[in-house]
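The values are calculated or read from the model by the stated rules, or taken from the named source; none is laboratory data. It should be emphasised that the depicted structure is a prediction, and the values quoted were computed from it without experimental measurement. Glycine also receives a Cβ, built like all others from the backbone with ideal geometry; neighbour counts cover every protein chain displayed.
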Amino acid sequence: MPRLNKRSSYYVLLLPALLIYLAIIIFPIFMSLGLSFTEWRRFRMTGFIGLGNYMDILSDPVFHRSLWNNIQIMLISVLGQIPLGILLAYLLHRKWVKGTKFFEFMIFLPITISSVVIALLWNRVFSPVGIYTTFVRMITSNPDYVVRIFESEKFAMLPVLVVLLWQHTSLYMVIFLANLQRIPSSVFEAAVIDGAKETTIITKIVLPALSPVIFTCSVLAISGSLKSFDLVYAMTAGGPVNYTYVMALYLYQHTFTFHNYGKGSAVSIIIVILSVGLISLVRGIYAKAQKKFE
Amino acid sequence: MKKVALFALVLVLSMSFVTAAGTKEAAKDGKVVLTAYMQIDPANDQYAGHNAVMAAFAEKYPNIQLDIEYASGEAFHQKFQSMAASKKIPDLFTCYGGARTAYVTETGLTLDLTPYLDDAFKGQFASATWLPQGSAGALYMVPPSFAVCHSIYANTAILDKLGLSYPETFEQLVAQIPTIRAAGYYPMSMGNKDPWVVNSWLLGTFIERFGGREWILKAAKGEASFTDAPFVKALEVIQAMSKEGLFSPGVNQMSNTEADQEFYQQKSVYLIDAAWRTSAMDSQLPEAQRKAIDMRVFPALPGEKYHNTSSAVASEGFGIAKAVEKDQAKLDAALAFVKFYAGEEGASIRAQFGEVPSYNLDLNKFAVDVMQGKFVEFSATYPMGYVFDSIMDGEGVNLLNTDLQAMMMGNGNPKDIAAKYEAWVAKNDSNRD
Amino acid sequence: MSGRTQTISRSWTIVSYILLILFTLVTILPVVWMLYSSFKPMGEIMLHPLRLPTAPTWENYQKAFKYGNLVVSFLNSIFYSGLSTVSTVLLALAAGFALTKFGFKSSSVYFSLFTLGLLITVNSVITPLFIMETSVGLYNTRLGVILPYIAFGLPMAVLLSTSYIRGVPDALIEAAVIDGASYIQIFWKIILIVSTPVLATMAILNFLGNWNEFLMVFTLTSGENMRSLPVSINSFAGRLNEDYGLQFAALVVGTIPMFILYLVAHESVIKGFGEGALKE
């Protein structure tokens, strides 16, 4: 086999991944971009309307609510799942408890369970005929008790957020745990012998060492939360009213229930633009933080 | 080297598996092969009749092979729409008379069956079977039965215990609430977590009671307005039901099945549900409990013009792809299937499982289970009105349902909701084009 | 160790236990409930949701296997998830190596392009994808499922592999180049080996994502012999007339393999780094 030069090797390594990816994701999304400027009525494209779909969507209160709900999901992901993931990975890594393997498994478990199961189980517990509700009705002798938060315009998202926190923290825990292995154990031992506090070890050793991974995870968290669909769809389907609507649900409904490909495509483009903006923001923050560490 | 050889072997094996296509198109021994896509769940008791019909069909027509793909729920439509967008749809498929599958019926992909169904065949069915479908008045499918969307199941054991009887009027129903609550029961279970429930199972019937079928057709076309009395009054009844505490607590966070569960556990006196729940009740409840369940319609509303109505819509049936018309053998096979399923043979089989077919049969000769029998009687007793969301466009109905749910939770009032819906319909609904 | 550090680690131990046990309870209780409920008929689940099965029955499983064609779906699931995971991980590591250690300017463009993929939902490309596959003859083939799986797995895998490989010391690669190794050899002999921990993480996450994926298999195939487990399970999870017993049985069948996978693969995630290839 003739030896490849550096540039050819580069393309041999890169191209297989790149080509599959371009053909299956980037090409269709450009089709979507084109479609997002078209008007649809009665299952047919009826013409070009420029930014009409975008104007419609951006002035729709249901979309505003969806956007806000996605932002909440993003906040719980970046500020909840990631820190909790780090903490849990660290606790397990330091082996302060017996049976770390068992607990690793338990924390990992939620991501192996599909969202459909989680939603199903959740409802069996908290719905008006659920285990929890029945139990509270029994001990308080208030037969009208239901979990009111589900019907609250302001807080209906809260249960979804809690489940997301539980479900996805494990993802970050696994990533952080694998990366904590890269810090030689002698570093921790030395720090402990020097009498460093655990909080100091976390802020001075663990966080700087993990910072590239934290950045990667933040990107994952942001993109994942702006397109989250499965769990919300299975748990609430956007209800009650539209209190738990999210953008991907809005997209799904306009595309597949109301047959408006133009509007559906415009929503996916909006999601992409928003994510790009937010990720650039995180990248900026990350760059600044790195400078500080150096 | 062993590892490499093993890896190569696995790779070759898996590639051959990868490239093997999944279709079994090859027609063996001159069989006619039809691909089919059905919105049916063969594992569910509700479709036991369907399974039996399919078995009988396979026996009678051994030369017709059906390659069926089953799917249910929203996913069915999502995939079907992708198929429609690529103009490649199966030979046979579930489709609706109303707007729900308009993406295949209104886009020229579905065969109009009108020329293939003669009057002798049509004459054997209930006349409502042949109401025109779609905007062009075609017949895309033969409805094998009617979906009855409104009924009230009453637990007479509890009613007797409390010394009550099924109310004649809405006022009487409301007056029962204190007695029922004092005894520790909930008056009425309904699962409105998916907000189409209150629309399909109550609103349509209420509008019909106040305005009759003519009114809704007029309103759809714009000759009447949704701000008119029949619509607003119907909304007011739903609001009153919420305010009077008729529904169980958490009606808007309870799924259909959960509402059933409350009623099955005998925690509530009445259940608002579709009439097709009877098959599930027969398989899940003890016989004594089933015998004590009465199937009724909503009591008389104050000022109603039409009495004792329920609501029903021609249920979905099987359509044939337009492209099949070019292949005579396939067309014959597809038509044979459609006629077998909806016609005498299919209908007799389905009737044994408690279905009430659109085909005219003497249902008394079939011995069916307790609740199924009650359903047969129910169908014969009450006049059937329309189902609202089979007439109006989905997007508007969705908007209305959401507002209705908000109203049931205390936000919004009938007049505003009606005005908002009328404005949407005037601007967007295809009925007003 | 001084007394002070001992008390500190004792309080950390208590905090750890509380947190971990809480997490465990929240996770394990519903799973246990699902497991024993799968041995109850629907009627019993409806009337007595909490009670242990009075007469445990395999009926739900028999029905699920019969109507859901679960054996075939199960094999398909393993095949779709397995082959696409192996491909994704290899392709992503190769791309990650190319994008971090070659120093070409185009790298950052390609990297951003891959990150863009993280933002795209399956819902927004499924219809164009269906049209593309039907026109090139990939519709209803296993390859037609695997290629999109790889494509959707790549963005996250590339992100993880680049961030990991970036941390591999350049000296390791430079030394190999001086020894006369080609870049392709370096990829097989060095990068793949030192990436074991992130490789295992990527593989597990990817496999899981594909294992539970529904929309693509459902849309891009037809016919029972092509279905994966989630598609079979969904076929009897209709919203109008649910049968919990049947659903639970199918879900147990779908979830158990993941537990096993974790128990098997878990060692390589955690211990994979023991080789010492990268201890500076």
Pick out the one residue from A:L67, A:L87 that is of a type in the set (A, V, I, L, M), away from every other protein chain (no Cβ under 12 Å) and surrounded by 15 or more Cβ atoms within 10 Å (Cβ to Cβ). A:L67
Only helices (runs of 4 or more DSSP H) wholly contained in region A:101-215 count here; list those with 3 or more residues that are closer than 30 Å to A:A289 by Cα and at pLDDT below 85. A:157-180, A:185-193
Condition (residue is without any contact (Cβ under 8 Å) to a residue 24 or more places away in the chain and over 30 Å from B:K305 (Cβ atoms)) applied to region B:138-160: is it met by at least one residue? yes
Counting only residues that are at the interface with another protein chain (Cβ under 8 Å from one of its Cβ atoms) and either surrounded by 21 or more Cβ atoms within 10 Å (Cβ to Cβ) or within 22 Å of A:P184 (Cα to Cα) (or both), region A:95-108 contains a total of 7
Which numbered condition A:F48 fails, given (1) more than 13 Å from every other protein chain (Cβ to nearest Cβ); (2) of a type in the set (A, V, I, L, M, F, W, C); (3) surrounded by 16 or more Cβ atoms within 10 Å (Cβ to Cβ): (3)
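What residue, among those in region B:246-281 that are aliphatic (A, V, I, L, M) and more than 12 Å from chain A (Cβ to nearest Cβ), is farthest from A:V125 (Cα to Cα)? Steps first, answer last, please.
So in region B:246-281, the residues aliphatic (A, V, I, L, M) come out as B:246, B:251, B:254, B:259, B:269, B:271-272, B:274-275, B:280-281.
Still in the list and also more than 12 Å from chain A (Cβ to nearest Cβ): B:246, B:269, B:271-272, B:274-275, B:280-281.
On the way: B:L246: 24, B:V269: 23, B:L271: 22, B:I272: 23, B:A274: 25, B:A275: 28, B:A280: 23, B:M281: 23 Å.
The extreme case among them is B:A275.
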Look through region C:21-56, keep the residues that are within 14 Å of chain B (Cβ to nearest Cβ), surrounded by 14 or more Cβ atoms within 10 Å (Cβ to Cβ) and not in a helix (DSSP H, G or I), and return whichever of them is modelled with the lowest pLDDT. C:P49
Do we find that C:F111 is in contact (Cβ under 8 Å) with a residue 24 or more places away in the chain and crowded, with 24+ Cβ neighbours inside 10 Å in this structure? no
Examine region B:49-69 for a residue that is under 18 Å from the mean Cα position of the chain (by Cα) and among the hydroxyl-bearing types (S, T, Y), and state whether such a residue exists. no
Being under 21 Å from B:L217 (Cα atoms), in contact with a helix residue (DSSP H, G or I) (Cβ under 6 Å, 6 or more places away or on another chain), surrounded by 19 or more Cβ atoms within 10 Å (Cβ to Cβ) and not small (G, A, S) is the requirement here; does B:N431 meet it? no
Sole residue being of a type in the set (S, T, N, Q), closer than 24 Å to A:N179 by Cα and surrounded by fewer than 23 Cβ atoms within 10 Å (Cβ to Cβ), chosen from C:S163, C:S106, C:S135: C:S163
How many residues of region B:242-256 are surrounded by fewer than 24 Cβ atoms within 10 Å (Cβ to Cβ) and either in a helix (DSSP H, G or I) or in contact with a Cys (Cβ under 9 Å, 6 or more places away or on another chain) (or both)? The answer is 3
Could you check region C:187-207 and list, in sequence order, the residues that are closer than 22 Å to C:G254 by Cβ and without any contact (Cβ under 8 Å) to a residue 60 or more places away in the chain? C:L205
I need the full set of residues from region B:91-139 which are more than 30 Å from B:N398 (Cβ to Cβ) and either assigned to a helix (DSSP H, G or I) or within 14 Å of chain A (Cβ to nearest Cβ) (or both), in order please. B:T114, B:P115, B:Y116, B:D119, B:A120, B:F121, B:K122, B:S127
